[in-house]
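Data block below; observations after.
The values are calculated or read from the model by the stated rules, or taken from the named source; none is laboratory data. Being a predicted model, the structure only gives us computed values, none of them experimental. Cβ atoms come from the backbone with ideal geometry, glycine included; neighbour counts cover every protein chain shown. These accessible areas exclude ligands, DNA and RNA; they are computed on the full protein's heavy atoms, side chains included. Shrake-Rupley method; radii C 1.70, N 1.55, O 1.52, S 1.80 Å.
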Amino acid sequence: MPAFVADEQDIQIDADELLRLTQHVLDAQRVPGDMEVSVLLVDINTIAELNARHMGKDAPTDVLAFPIDEPGESPPGAPSILGDVVVCPEVAREQASEFGRSFDHELRVLVVHGILHLLGMDHADQDEQREMFALTDALLESFQ
């Protein structure tokens, strides 16, 4: 399964670990092996611009997910792209201490969270939130 991590910001992160985590989540969620997903790490200005343009919110955010194809949606032989996850390490670093987590753990949480959004999960109500956050925790626990 093609997974990609592109680091376009200045805070040092372990892109290889995030790539392995992405692959782990896709495998655990049984995403078809021909689906592509990318994780893009951006600076605070870029995430703020994307958040304003796509979500109508004039502020930076931690993670955005842009789904493209659903599993099984593309015809055989055609490219199949699950979507893109955009994470802002600067925001992650700021909020990690608020949540009592390490910066690295917060980045992992955001990557998993974004991928689950690509897979159609949401947290609009309490039940959805409980389910999504429990799955996030389980996926992180099972990641080596």
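Table: residues versus (1) assigned to a helix (DSSP H, G or I); (2) at pLDDT 95 or above.
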site	(1), (2)
Asn45	yes, yes
Arg53	yes, yes
Ser74	no, no
Ile81	no, no
Val85	no, yes
Arg93	yes, yes
Leu110	yes, yes
Gly114	yes, yes
Glu128	yes, no
### Task
Show the residue pairs that are 6+ apart or on different chains and have beta-carbon atoms under 6 Å apart, the first residue being within segment 1-26 and loosely packed, with under 15 Cβ neighbours inside 10 Å, the second being hydroxyl-bearing (Ser, Thr, Tyr).
Phe4/Ser38
#### Entry: Considering residues of segment 119-144 that are acidic (Asp, Glu) and under 15 Å from the mean Cα position of the chain (by Cα) only, the residue farthest from Val37 (Cα to Cα)
Asp137
### Query
Out of segment 105-130, which residues are acidic (Asp, Glu) and surrounded by 15 or more Cβ atoms within 10 Å (Cβ to Cβ)?
Glu106
### Query
Hey, any hits in segment 29-43 for a residue that's under 18 Å from Leu64 (Cβ atoms), among the hydrophobic types (A, V, I, L, M, F, W, C) and part of a helix (DSSP H, G or I)?
no
### Query
Within the set of pairs 6+ apart or on separate chains, which have a first residue in segment 65-88 that is without any contact (Cβ under 8 Å) to a residue 12 or more places away in the chain, a second that is of a type in the set (Gly, Ala, Ser) and open to solvent by 40 Å² or more (accessible area, probe 1.4 Å), and C-beta atoms under 7 Å apart?
none
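Is one or more of the residues making up segment 49-63 closer than 24 Å to Ala28 by Cα and open to solvent by less than 70 Å² (accessible area, probe 1.4 Å)?
Within segment 49-63, one or more residues are closer than 24 Å to Ala28 by Cα and open to solvent by less than 70 Å² (accessible area, probe 1.4 Å).
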